[in-house]
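Structure first, then comments.
The values are calculated or read from the model by the stated rules, or taken from the named source; none is laboratory data. As the structure is a computational prediction, the values presented were derived from the model and not from experiment. Neighbour counts are summed over all protein chains in view; Cβ atoms, including those assigned to glycine, are modelled from backbone coordinates with ideal geometry.
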There are 4 protein chains.
Amino acid sequence: MTKNTFENLPDEKRQRVLDEATTEFAEHGYHQASINRIVERLGIAKGSLFKYFGNKQGLFEHIFSRAVSDFKKPLKAIRDTPGLGFFERIEQSFLAGTRFVDAHPNLYRIYLKMLFNENFPLRERFLGEIRGAHAKYLRQLIEGGVRDGQLPAALDVEMAVFTLHAVMDRFLQGYAVPSLDNGLAPAASLPEQARALAAFLRHGLADIPTQE
Amino acid sequence: MTKNTFENLPDEKRQRVLDEATTEFAEHGYHQASINRIVERLGIAKGSLFKYFGNKQGLFEHIFSRAVSDFKKPLKAIRDTPGLGFFERIEQSFLAGTRFVDAHPNLYRIYLKMLFNENFPLRERFLGEIRGAHAKYLRQLIEGGVRDGQLPAALDVEMAVFTLHAVMDRFLQGYAVPSLDNGLAPAASLPEQARALAAFLRHGLADIPTQE
Amino acid sequence: MTKNTFENLPDEKRQRVLDEATTEFAEHGYHQASINRIVERLGIAKGSLFKYFGNKQGLFEHIFSRAVSDFKKPLKAIRDTPGLGFFERIEQSFLAGTRFVDAHPNLYRIYLKMLFNENFPLRERFLGEIRGAHAKYLRQLIEGGVRDGQLPAALDVEMAVFTLHAVMDRFLQGYAVPSLDNGLAPAASLPEQARALAAFLRHGLADIPTQE
Amino acid sequence: MTKNTFENLPDEKRQRVLDEATTEFAEHGYHQASINRIVERLGIAKGSLFKYFGNKQGLFEHIFSRAVSDFKKPLKAIRDTPGLGFFERIEQSFLAGTRFVDAHPNLYRIYLKMLFNENFPLRERFLGEIRGAHAKYLRQLIEGGVRDGQLPAALDVEMAVFTLHAVMDRFLQGYAVPSLDNGLAPAASLPEQARALAAFLRHGLADIPTQE
DNA sequence: CATGAATGAGGATTCATTCAT
DNA sequence: TATGAATGAATCCTCATTCAT
């Protein structure tokens with residue numbers, strides 16, 4: 001999709017373009033993001049951006065598809081690290097999520113906006129890709145946990161995947177946008193949240209339905 | 001804010017106006033919602049809508065402030081119903097949430113869009129009001145649970161409020177927008193989700209930190 | 001033009017309507033004046049105002065035609081007061097102008113706006129009426145001054161009328177809108193301005209061209 | 001304020017845009033001027049005008065700030081011309097005013113509308129700038145006249161500035177909008193008006209108050 | 001008579017996109 | 001290849017006026 005002309009740009013300029021555009025999408029979502037503002041802040045011609053990416057959607061696609069693959073990498077690394085127990089991998093997955101949010105806060109903001117905005121372009125494709133990868137990853141973890149005896153043999157794997165995903169996804173929201181839950185807890189620090197999450201999972205999974 | 005002229009309209013027309021506008025906001029969020037589309041679907045003049053509500057924000061305020069008070073009512077009813085145990089009240093609260101989502105799906109869609117869209121007008125006010133009411137309600141429930149001996153006496157109430165709120169809020173997301181977690185679980189029915197939620201809470205609360 | 005229904009209103013309400021409308025025209029001119037704002041401040045129905053005056057122009061006509069006749073009255077009184085010299089009458093005319101401005105500041109503001117706004121409705125009629133009355137009045141004064149020997153017999157009466165009118169009109173501007181000349185003189189009080197005006201006229205008229 | 005894009009336009013087009021817009025403001029004032037009419041007459045897209053000037057006020061600012069500096073230039077030239085007496089400079093100032101009005105009648109019409117229209121944007125800034133420049137100029141002239149002995153040494157300079165400014169400003173009104181005084185004088189030609197003005201000043205200044 | 005709901009043309013402004021230079 | 005001027009549909013909003021109740 002992206003034209004060669006963008007790939008041939010000097011690294012520094014290429015990064016500036018992506019950063020500025022990512023910020024714009026993170027702050028305003030898709031439709032309310034303004035190409036005008038982006039090129040104005042960048043100090044480049046409007047036509048250039050369209051040469052690089054074809055149109056607004058092309059720009060967004062370029063940014064977010066890279067984000068998706070960046071998000072997948074650490075999960076693979078955890079999965080492929082030998083010698084870890086199931087709950088250690090879960091905990092590391094959670095921490096990997098927080099690290100991604102810390103490293104790319106604007107990309108996560110875009111993701112959150114996309115979650116509930118049905119008109120976000122490419123929404124189905126991107127969300128499907130993220131969910132699919134996450135589910136596949138969790139399924140492998142859970143199956144490993146069953147093999148290792150850390151999880152009950154009769155566990156309904158699909159239901160466990162569903163629950164794990166929901167819990168991890170939603171708790172990451174609270175981590176990324178503390179204001180969501182603020183005013184509620186005096187000071188819910190990351191370790192405290194992680195401990196609460198771990199406790200929930202450790203006990204909760206025991207009650208997840210088993211296959212009939 | 002609302003001009004009298006709207007309150008004086010025939011009930012049926014008033015409801016049509018609110019329904020159509022609510023749908024528009026639910027589908028497109030605030031900025032991308034179009035007054036033009038609303039009046040076109042309603043078959044009324046553009047000026048009329050502005051007479052009713054002053055401006056776009058006035059229309060949104062009218063719709064959503066009613067939603068907020070509609071959301072608070074059932075919680076009060078549960079709190080004031082005598083003879084219920086703590087976990088029964090929690091379960092009923094969860095069901096009240098699902099009933100609200102079922103009765104006003106578009107209002108809940110607006111809420112979800114507002115959650116992560118920092119530019120939503122009146123966002124701080126409305127979210128603050130909702131969170132405040134919910135927190136106060138949960139605090140009363142928990143304190144009652146402690147008095148009744150159903151919860152440990154040393155429980156850190158504020159942290160419990162925080163955790164309960166986060167869990168209930170996030171699980172309601174999954175209920176309202178099943179596509180969020182779909183593709184993951186084959187068919188996570190409401191009772192199943194409710195059971196999973198209950199299990200999490202029952203075990204999880206035991207591990208919530210106690211006051212030092 | 002004005003319907004009977006307005007004349008039949010209670011005095012107090014009638015006056016409120018006129019005052020509020022006059023203020024609106026004075027502040028915003030004709031086109032920028034808003035019927036909406038007027039009825040809003042009055043707390044009466046929009047339809048009523050249209051019943052009273054037919055349309056916006058009818059309202060303005062009612063207001064300003066009364067202003068014109070109010071402006072003419074004191075001039076007639078000065079003219080008909082016996083035993084005054086020419087320059088005394090001129091000075092009193094100037095003071096009558098300042099009194100009118102003090103008594104009806106908003107009407108004078110409307111007049112000033114109308115002066116240079118070619119699109120003011122009824123402008124030609126009203127300005128012509130005012131100028132005609134003023135010219136006729138000044139002509140009578142000057143002819144009296146010539147008869148009394150206070151002005152040279154060969155004075156070009158029409159040119160003197162022109163000059164007197166221009167001077168009085170323009171100096172009244174400075175009186176009504178002091179900010180026009182402020183920042184220039186430290187504190188040009190009314191008596192000082194009156195003295196300067198008198199001096200100018202006393203000497204200036206001696207040089208006004210005489211009929212060839 | 002003005003974007004580069006306008007400065008890069010071909011001279012002829014740039015001039016057409018400014019002329020058409022100036023005419024619109026001159027005919028209708030600020031608020032009643034219509035961007036729609038301007039672009040329609042120009043045959044360009046609405047968006048283009050906003051690209052050039054940002055918004056309506058930017059367009060007006062561009063036009064009128066140039067007018068202000070155009071108005072100042074000839075005054076500086078007169079001041080810096082050696083070998084002229086005080087009254088010669090005054091007469092030339094008056095003629096410079098008439099020349100400006102003749103060369104830019106529409107700009108002067110805008111100025112007159114701005115004088116009494118409190119809602120004109122940038123009114124305070126522009127009027128202040130014009131009055132300040134004029135006052136400074138007149139002050140220099142008068143101080144020169146006092147040095148040369150053409151004006152009494154005890155003259156209250158500030159009061160003389162005030163009076164001169166008021167007289168020149170108001171007489172220029174009559175020159176620019178003859179209809180203001182028409183119907184009064186049969187045919188007040190420029191030389192006749194100039195002579196009348198000169199006479200007034202020559203005699204009048206002698207009576208301007210001297211410092212205490 | 002008084003009311004005020006309904007109208008719809010017109011206001012300024014923003015926007016993604018195109019294309020000649 | 002990069003530019004940025006041009007576009008025109010769409011945005012929210014205001015207004016004087018009409019007319020059924």
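Of all residue pairs spaced 6 or more apart or on separate chains, those with beta-carbon atoms under 6 Å, a first member in region B:1-29 that is under 26 Å from B:L112 (Cβ atoms) and a second member that is modelled with pLDDT of 90 or more and part of a loop (DSSP other than H, G, I, E, B) are B:E24/B:A33; B:F25/B:A33.
In the set (1) under 30 Å from A:K56 (Cβ atoms); (2) among the small types (G, A, S); (3) at pLDDT below 80, A:A199 fails one condition alone, (1). When we screen B:E143, B:E118 for residues that are free of Cβ contacts under 8 Å to residues at least 40 places away in the same chain and within 9 Å of chain A (Cβ to nearest Cβ), the only hit is B:E118. Restricting attention to region A:50-57, does a residue exist that is modelled with pLDDT of 90 or more, exposed (fewer than 14 other Cβ atoms within 10 Å of the Cβ), within 15 Å of DNA strand F (Cβ to nearest atom) and over 15 Å from A:L107 (Cβ atoms)? Yes. When residues in region A:33-49 are screened for being more than 11 Å from DNA strand F (Cβ to nearest atom) and either within 14 Å of chain B (Cβ to nearest Cβ) or crowded, with 17+ Cβ neighbours inside 10 Å (or both), 4 of them pass.
Here is a yes/no grid of residues against (1) over 15 Å from the mean Cα position of the chain (by Cα); (2) of a type in the set (D, E, K, R); (3) over 29 Å from A:E24 (Cβ atoms); (4) modelled with pLDDT of 85 or more:
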| residue | (1), (2), (3), (4) |
| --- | --- |
| A:F94 | no, no, yes, no |
| A:P105 | no, no, no, yes |
| A:L112 | no, no, no, yes |
| A:I142 | yes, no, yes, yes |
| A:L151 | yes, no, yes, no |
| A:L155 | yes, no, yes, no |
| A:L180 | yes, no, no, no |
| A:L190 | yes, no, no, no |
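Considering every residue within region B:72-86, establish whether at least one is closer than 22 Å to B:R123 by Cβ, buried (at least 16 other Cβ atoms within 10 Å of the Cβ) and within 16 Å of DNA strand F (Cβ to nearest atom). The answer is no; no qualifying residue exists. Against the test of being farther than 20 Å from C:A67 by Cβ and in contact with an Asp or Glu (Cβ under 9 Å, 6 or more places away or on another chain), the options C:D156, C:D148, C:D169 yield a single qualifying residue, C:D156.
Go through region C:156-169 and report how many residues are surrounded by fewer than 20 Cβ atoms within 10 Å (Cβ to Cβ) and either part of a helix (DSSP H, G or I) or without any contact (Cβ under 8 Å) to a residue 12 or more places away in the chain (or both). So the count comes out to 3.
Just a yes or no: is a residue in region C:44-55 in a helix (DSSP H, G or I) and of a type in the set (V, I, T)? Scanning region C:44-55 turns up no residue that is in a helix (DSSP H, G or I) and of a type in the set (V, I, T). Answer with yes or no whether A:A67 is surrounded by 15 or more Cβ atoms within 10 Å (Cβ to Cβ), modelled with pLDDT of 90 or more and within 9 Å of DNA strand E (Cβ to nearest atom). Considered against the rule, which asks whether it is surrounded by 15 or more Cβ atoms within 10 Å (Cβ to Cβ), modelled with pLDDT of 90 or more and within 9 Å of DNA strand E (Cβ to nearest atom), A:A67 comes out as no. Screening B:Q92, B:Q32 for residues that are within 16 Å of DNA strand E (Cβ to nearest atom) and polar (S, T, N, Q) leaves exactly one candidate, B:Q32.
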